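The values are calculated or read from the model by the stated rules, or taken from the named source; none is laboratory data. This structure is a prediction, so every number in the text was calculated from the model and none was measured. When we count neighbours, we look across all protein chains shown, and the Cβ atoms used for this are built from the backbone with ideal geometry, even at glycine. When the accessible area is computed, the model is the full protein with side chains, heavy atoms only, and any ligands, DNA or RNA have been set aside. Shrake-Rupley method; radii C 1.70, N 1.55, O 1.52, S 1.80 Å.
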Amino acid sequence: MTGLMVTGLSGYRSQQLLGQQIRQAVANERDEAFSEAHGRDITHLYPVIKELVQNEAGFYYLLQDAQGRSVMSNMLHLRPVAGWRWLSWTHRTSPSDRRPVVGYGSVLHDGGYFFVGIDGTPL
């Protein structure tokens, strides 16, 4: 019985640590994008997100305008909800890519929306 409890607690703690690592990776990617853009609006973020979409295969990016239209992304549009989000699937345009995503959304100064996420399958 004690062995089962230790195993359960160990698994729970491992999952917590993995969750923290995934959230930290997303936060770092978000902060880096904002830093490179030198502004929190579509005009400044567009070239940065365009580069990331083309070169960072491990992340999911969405930049959309105040009307909810995708400006640059590798996923479909989302409701602009600020903060941490767990998506049951990536909302990518390819139906075969149905992995869960852990990500962070930010409402921009011009009413746009920026979301960055990562595959949540390990969780």
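Of all residues in segment 49-70, which are in contact with a strand residue (DSSP E or B) (Cβ under 9 Å, 6 or more places away or on another chain) and in a helix (DSSP H, G or I)? Talk me through it step by step, then tell me what you get.
Within segment 49-70, the subset in contact with a strand residue (DSSP E or B) (Cβ under 9 Å, 6 or more places away or on another chain) is 49-50, 52-53, 58-66, 68, 70.
If the condition is that a residue be in contact with a strand residue (DSSP E or B) (Cβ under 9 Å, 6 or more places away or on another chain) and in a helix (DSSP H, G or I), then 49, 50, 52, 53 are the ones that fit.
So residue 40 clears everything in (1) in a helix (DSSP H, G or I); (2) over 16 Å from the mean Cα position of the chain (by Cα); (3) touching a residue at least 40 places away in the same chain (Cβ under 8 Å) except one condition, right? Which one?
(1)
Go through segment 75-123 and give me each residue that's part of a loop (DSSP other than H, G, I, E, B) and modelled with pLDDT of 90 or more.
Of segment 75-123, the ones part of a loop (DSSP other than H, G, I, E, B) are 75-82, 88-100, 108-112, 120-123.
78, 79, 80, 81, 82, 108, 109, 110, 111, 112 - these are the residues of segment 75-123 that are part of a loop (DSSP other than H, G, I, E, B) and modelled with pLDDT of 90 or more.
Which residue is farthest from residue 115 (Cα to Cα), if the candidates are limited to segment 14-25 and must be touching a residue at least 40 places away in the same chain (Cβ under 8 Å) and open to solvent by less than 70 Å² (accessible area, probe 1.4 Å)?
So in segment 14-25, the residues touching a residue at least 40 places away in the same chain (Cβ under 8 Å) come out as 15, 18-19, 22-23, 25.
Then drop every residue that is not open to solvent by less than 70 Å² (accessible area, probe 1.4 Å), which leaves 18-19, 22, 25.
Details: 18: 21, 19: 18, 22: 15, 25: 13 Å.
If we take residues in segment 14-25 being touching a residue at least 40 places away in the same chain (Cβ under 8 Å) and open to solvent by less than 70 Å² (accessible area, probe 1.4 Å), then 18 is farthest from residue 115 (Cα to Cα).
Quick one: residue 20 ticks every box in (1) modelled with pLDDT of 95 or more; (2) out of contact with any helix residue (DSSP H, G or I) (no Cβ under 6 Å at 6 or more places or on another chain); (3) of a type outside the set (Phe, Trp, Tyr) except a single one, so which number is it?
The failed condition is (1).
Determine the pairs where a residue that is closer than 14 Å to residue 81 by Cβ and among the polar types (S, T, N, Q), located within segment 100-120, has a partner that is in a strand (DSSP E or B) and open to solvent by less than 30 Å² (accessible area, probe 1.4 Å) with Cβ atoms under 8 Å apart, the partner being 6 or more residues away or on another chain.
As it stands, the answer is 106/113; 106/114; 106/115, since those pairs meet every condition given.
Within segment 26-69, how many residues are open to solvent by 40 Å² or more (accessible area, probe 1.4 Å) and of a type in the set (Phe, Trp, Tyr)?
Within segment 26-69, the subset open to solvent by 40 Å² or more (accessible area, probe 1.4 Å) is 28, 31-32, 35-36, 38, 40, 43-44, 46-47, 50-51, 54-58, 66-67, 69.
Next, only the ones that are of a type in the set (Phe, Trp, Tyr) stay: 46.
The number of residues fulfilling the criteria is 1.
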